[in-house]
Amino acid sequence: MKRHIPNFLTLMNVFCGSVATVFAVLNQLELAAFFVFLGIIFDFFDGMAARILNVKSELGLQLDSLADVITSGLVPGIVMFQLLGMSMSGGWNVNLSSEIAHDTFWVGLKVAPLPFLGFLITMASAYRLAKFNIDENQTSSFIGLPTPANALLILSLPLILLYQGNDILNSVILNQWFLIGITLLSTYLLNAKIELFALKFKTWNFKDNSQRYIFLIVSLVLLMTMKYLAIPAIIVFYVLSSLVGRLQS
């Protein structure tokens, strides 16, 4: 029975990603973000369970990546699709089948082409996950931004709009060029040849895990003081601290 426990946790990630997809399509991005976060928790614990129970398997590896394609790949792509649609209408409650940029409609389709740019995130996530499965150099660290971290980055944008938005922040986040830039940056970071540390503790002593402990402490402080605005800041800190740590070593 114990060898099925990690796979069950992974399938719960699939379930959460599927529910998040429905809410993202319905433009209920707060609920989509909640289920993505829940799915990422299951994604964290399925790997931990596999290591503790010593039941790692090729099936579990493939299933884990398939789950992440949904939760951390498809959902962020849909969210960016919605945000780009909002940027064209200038508001939250956008109806993509109504009057959005009349002169940019595809012939025969009542949908503007720009929002589909968001699915570059989904494509880059799928490519990264497939590459991860065959890369033996990513056991103790990552090459490129992990898909869950990237998903949190994208999902933080509607949460900031909902809970910490003001005229300045809203105008920035709902700016087409800002969203296009975030999409392209996200696509690049997912598959960039940048070595980033993993939050995997082989021991609990501070000396061997100083970088991880400092990252967790700083992240906690940022979350307590900046709330959802902390998420992009944490991702930036994660990349920069990995680069600094790499240069020092």
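The values are calculated or read from the model by the stated rules, or taken from the named source; none is laboratory data. Bear in mind that the values here come from a model prediction, so they are computed numbers and not experimental data. With ideal geometry, Cβ positions are generated from the backbone for all residues, glycine too; neighbour counts draw on all protein chains shown. Ligands, DNA and RNA are stripped out before the accessible areas are found, and what is left, the full protein with its side chains, is counted by its heavy atoms. Shrake-Rupley method; radii C 1.70, N 1.55, O 1.52, S 1.80 Å.
Being of a type in the set (Lys, Arg), open to solvent by less than 70 Å² (accessible area, probe 1.4 Å) and under 30 Å from residue 82 (Cα atoms) is the requirement here; does residue 131 meet it?
Yes: the conditions hold for residue 131.
If you take the residues of the range 1-22 that are in contact with a helix residue (DSSP H, G or I) (Cβ under 6 Å, 6 or more places away or on another chain) and open to solvent by 50 Å² or more (accessible area, probe 1.4 Å), which of them is modelled with the highest pLDDT?
Only one residue tops the list, namely 12.
Run down 216, 222, 145, 247 and say which single residue is open to solvent by less than 40 Å² (accessible area, probe 1.4 Å), more than 24 Å from residue 73 (Cα to Cα) and among the hydrophobic types (A, V, I, L, M, F, W, C).
Criteria check complete, one pass: 222.
Condition first: open to solvent by 40 Å² or more (accessible area, probe 1.4 Å) and either acidic (Asp, Glu) or more than 14 Å from residue 75 (Cβ to Cβ) (or both). Now tell me which residues in the range 148-163 satisfy that.
162, 163
Scan the range 33-44 and give yes if some residue there is modelled with pLDDT under 90 and within 24 Å of residue 145 (Cα to Cα), otherwise no.
Checked against the condition, which is being modelled with pLDDT under 90 and within 24 Å of residue 145 (Cα to Cα), the range 33-44 yields at least one hit.
For the range 132-249, please list each of the helices (runs of 4 or more DSSP H) lying entirely inside it that holds at least 2 residues being free of Cβ contacts under 8 Å to residues at least 24 places away in the same chain.
Counting at least 2 such residues, we get 167-173, 176-191, 210-226, 230-248.
Consider residue 58 against the criteria (1) over 21 Å from residue 128 (Cβ atoms); (2) free of Cβ contacts under 8 Å to residues at least 24 places away in the same chain; (3) not aliphatic (A, V, I, L, M): it satisfies all of them except one. Which criterion is unmet?
Residue 58 satisfies all of (1) over 21 Å from residue 128 (Cβ atoms); (2) free of Cβ contacts under 8 Å to residues at least 24 places away in the same chain; (3) not aliphatic (A, V, I, L, M) except (1).
Which of the numbered conditions does residue 31 fail, given that it passes all the others? Conditions: (1) surrounded by 14 or more Cβ atoms within 10 Å (Cβ to Cβ); (2) touching a residue at least 24 places away in the same chain (Cβ under 8 Å).
Answer for residue 31: the failing condition is (2).
Considering 174, 229, which residue is of a type in the set (A, V, I, L, M, F, W, C) and under 17 Å from the mean Cα position of the chain (by Cα)?
Of the residues listed, the single one that is of a type in the set (A, V, I, L, M, F, W, C) and under 17 Å from the mean Cα position of the chain (by Cα) is 229.
Where residues in the range 104-127 are among the β-branched types (Val, Ile, Thr) and either at pLDDT below 65 or more than 17 Å from residue 89 (Cβ to Cβ) (or both), which of them is least open to solvent (accessible area, probe 1.4 Å)?
Per the criteria, the residue is 121.
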